[in-house]
1. Just for the range C:52-67: of the residues that are part of a strand (DSSP E or B) and closer than 9 Å to A:PHE30 by Cβ, which one is nearest to the other protein chains (Cβ to nearest Cβ)?
2. Restricting to the range A:233-269, name every residue that is closer than 10 Å to A:MET378 by Cβ, among the aromatic types (Phe, Trp, Tyr) and within 20 Å of the chain's Cα centre (by Cα).
3. Just to check your reading of the model, which residue among A:ALA177, A:ALA183 is part of a loop (DSSP other than H, G, I, E, B) and either under 30 Å from A:GLN22 (Cβ atoms) or touching a residue at least 40 places away in the same chain (Cβ under 8 Å) (or both)?
4. For the range A:1-100, give me every one of the strands (runs of 3 or more DSSP E) that falls completely inside it and has 2 or more residues that are not hydrophobic (A, V, I, L, M, F, W, C).
5. Kindly indicate the residue of the range C:1-48 that is among the basic types (Lys, Arg) and within 11 Å of chain A (Cβ to nearest Cβ) and also farthest from the chain's Cα centre (by Cα) among those meeting that condition.
6. Does any residue in the range B:67-92 that is within 13 Å of another protein chain (Cβ to nearest Cβ) come within less than 8 Å, Cβ to Cβ, of a residue that is in a strand (DSSP E or B) and of a type in the set (Asp, Glu) six or more places away or on a different chain, and which pairs are these?
7. Tell me whether the range B:52-64 contains one or more residues that are closer than 30 Å to C:PRO12 by Cβ and surrounded by 18 or more Cβ atoms within 10 Å (Cβ to Cβ).
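The values are calculated or read from the model by the stated rules, or taken from the named source; none is laboratory data. Because the structure is a prediction, the values reported are computed rather than measured. With ideal geometry, Cβ positions are generated from the backbone for all residues, glycine too; neighbour counts draw on all protein chains shown.
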Amino acid sequence: MQVKKRVAVVGAGMTKFMRRAQETGKELAFEAAKQALDSAEMRMQDVDSVALGSAPDAFDGVHMKGEYLLDGAGGWQKPYSRNFVGGGTGVFSVIHGWWHVASGLFDTCLVVAEEKMSTCLPHPQTAFLTIFDNMIERPLGPNLIWIFALEMHRYMQKHKIPKEQIAQVAVKNKRNALDHPSAQIAKAVTLRDIMNSEVMAWPVQRLDISPVSDGACAVLLASEDVARKITDSPVWIDGVGWNLDTTYWTNRDLYFPRYVANAARMAYGMAGITNPRKQIDFAEPYDPFDYKELHHMEGLLLCRKGEAPKLTKEGVTERDGNLPICPSGGLLGVGNPIAAAGLMKVCELFWQLRGEAGKRQVAGDPRTAVAQAWGDLMQIGTVVVMRS
Amino acid sequence: MPSQPQGTGLKEEDFEREKVLTVAYQPLAKYSWATGVAISRFLSGLKAGEILGTKCDHCGRIAVPPRIFCELCFKRSAVWVKLPDTGSVNTFSISHIATDTTRLKTPTIPAVIEIDSTRHAGFLHIIGEAKPEEVTMGMRVKAVWADPEKRKGSITDIKYFKPIK
Amino acid sequence: MSDFLRIEGDFPVHFRYTAGIAGENFLREIKDNGRLVATRCNNCQLNYLPPRIYCERCMSKLEEYVQIENVGVIQSYTVCTQDNEGKQLAEPVNVAFVRFTSAHGGLIHRTSGEVCVGDKVRAVFKDKSSRTGSILDIKYFEKI
C-alpha cells in the first residue's frame, strides 16, 4: 500500500469525563479542540481540515449531530466531515483524520470526538434499544446488558475462565485511573467489591461495567514536514486498520472478535509489526466491560486465545508489568462517553510516547503502542499503531 | 499533558433544585418498519409453527434468520428450507433486569439458540421451564410454541425454548 | 407472502438539554434583567448573539459578555398557517429572523403582528414574575 505522507499526532486535549456536564456538546467539543490546538501552539487558521466523530444522535438528542457540533469543533468554513461507527468511533476518528493527511490532500487535520449521553432520558441505555433487531429481537424485551452477558459468558465458558480473573481487570483499571486528571470514577476497589456488586445479567455485575459519561477529546494531525516544524517530538501514526462483521451477531461465535484481529493485522502490516507481543510496548484496548479488555487483547494478537486472563493474573498487564494494558485507567476508570472514549486512548498513547503521562507514565521508554476501539453490534474493530 | 481538563459536572439534585436551566423535549418518533422480503416470510412461518431459513445454493450455508442474500458469497439465496425447531444453547445469561433497567422478581434467561442442521446459525430467544442453575452451554433445547390461534407472526409465537430431557 | 410486511414501534426516549455555560448566562440575563447579552471576541471584533463561549472563527475562549441594545431589524419573516403535523392553525403565527446592529447573529422569534423586511423591532419581555429563564420570556418582537 502506498501512503503519500507520513502522519503525526502533534497535539492532544480532552475535557473531564463527567456523568452530567453542564456544558453543551458544542462547548465540550470546543474545550477539547482548544486544548489540542494550544498544546501544539497552533491557531485555527493553520488547521486545514476537521474530522469529527460522535455516536448516535439519540444521546445528545440533536439530529444531524455532526453539523450541530461543527462550530465548537473548529469546523467553521473548513472541509469538515463526521464519522460514526458506534463505540469504534474514537479510534476511527483518528483514521478518518489520517486519510485527510496521508493522502496528501491536507497538511493538517483536527480530530475531535464528543458525546453527551446525559441528555437522553430516562436512561441513555434506553437509546440502545434500537441496537436490537426491531423485528425479531425487540419483542423479547431485551436489555443492552444481555448482549455483553452473552458474549462474556461464551468467552468464559470457552476458555474456562473464573469470574475473579476477569474482575481483576476492573480493579486494575479503576486504580490506574486515580492518576488521570479527567477520570470520572477512579477508585481503589478490591476484587471482593467487584464480586459482591449487584448481578445485572449473569455473568455481568454492576462494577464490571464502565459508566455513562459526557466528554470530548481532540488530537491534531500533521504531515511529516509540517509536524517537524510544530514539535520536536511528533508521535507517528504508523498503522491503521478497521474491519467490521455482520449485524447478525447470533450467527457468529462470540468468544473471539475476529473483526478486531482483521483490523489489527491490517494496522500491524502497515507498521511492520510481525510479533505484536514483543514489538508493542503497551496497549490501550477498548474496555467498556472488564472482560472486553481480555477479549480485545486476544483480538489484537497480543497473546494466544484464552491467555489474556493469565497475563492479568501474573501482573504482566499492570503499569509496571512487561506489557502494560490500559495504563490510562481505561473506560472502566476514566469514563465512557461513547465516541470520545476511544480518542481518550489515542491521547494516552500520545502522552505516554512523549514521556508526558505524569504519574501514569509506563517505565522503560516506550516507543511503540496500539490503541483499539470497538462497537456497533459487537461488530467493529478500529486499530491504530503509534510510534515515537 | 494538560493538567487542568475543563468541564462542569452536575448531580441529579442540581436538576431537581433547578440549579441550571434546561429544556425538556419529547420526540414524537414512531416507526413503521418494512420487515422486508425475507423476514416477512419468516414471520408467516412462525405463525404456521415453523422455523424457516434460506439456503445459499452456491456455498450451501443456511441462514436463520433468513436473508435474501448470502453474506459470504454475496449472491441471492433463493431456496427456502423448513428447519427443525430444536437446537443447542451457544451462550446464555441470567438477567435480573428489565429493558428499563428495573429489577425483575424472577430472572429471565436469554440465550443464543443454534438451530439444528445449520452451521452455527441461530437467533436470540428465552429459555423456559428451566431453573437458572440447570442451564448449560451446549444444552439441547426445543421450541415451545404458542397455541395456533394465539400466534401473530412474531418471534414470540415461540414462547421459549425448553430443555430436551 | 403478503402478510407481516410491517412492524410498528417507537423510540421511547425523551431529552433534557442543558443551556450550557453561555446559554445559562444568556437566559439568566433575560430572566433576571430583561436584557439581551452577547459574548465578545476582541480578536475578530465580533459580538456573538446568541452568545457562545468560543469564537467559531479563531477558536478563542470568550468570557466577556456585552449588552445588546434592544433594537433589532427584521432580516426576514414568514407567516405560518400549519403546525408541525400539517394541521391548520386557528390563528396564523408570524415568525421573523431579527438582527441587531451591534451583534453578529440574531434571533428567531414571533412578532406581534405583520412585519416587513427592514422594520425596526424590539423584544417585549414578560413580567419578571412570570419569567422562567426561557427564550419564551420574550413574548414577541413588536414594531418600534
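1. The selected residue is C:TYR54.
2. Within the range A:233-269, just A:TYR259 meets the criteria.
3. A:ALA183
4. By residue number, A:7-14, A:80-83.
5. The residue in question is C:ARG6.
6. B:GLY87/B:GLU114; B:SER88/B:GLU114; B:VAL89/B:GLU114; B:ASN90/B:GLU114
7. yes
Conditions (1) within 30 Å of B:GLU18 (Cβ to Cβ); (2) modelled with pLDDT of 95 or more, marked per residue:
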residue	(1), (2)
C:SER2	no, no
C:GLU8	no, no
C:ILE21	yes, yes
C:ASN43	no, yes
C:PRO51	yes, yes
C:CYS58	no, yes
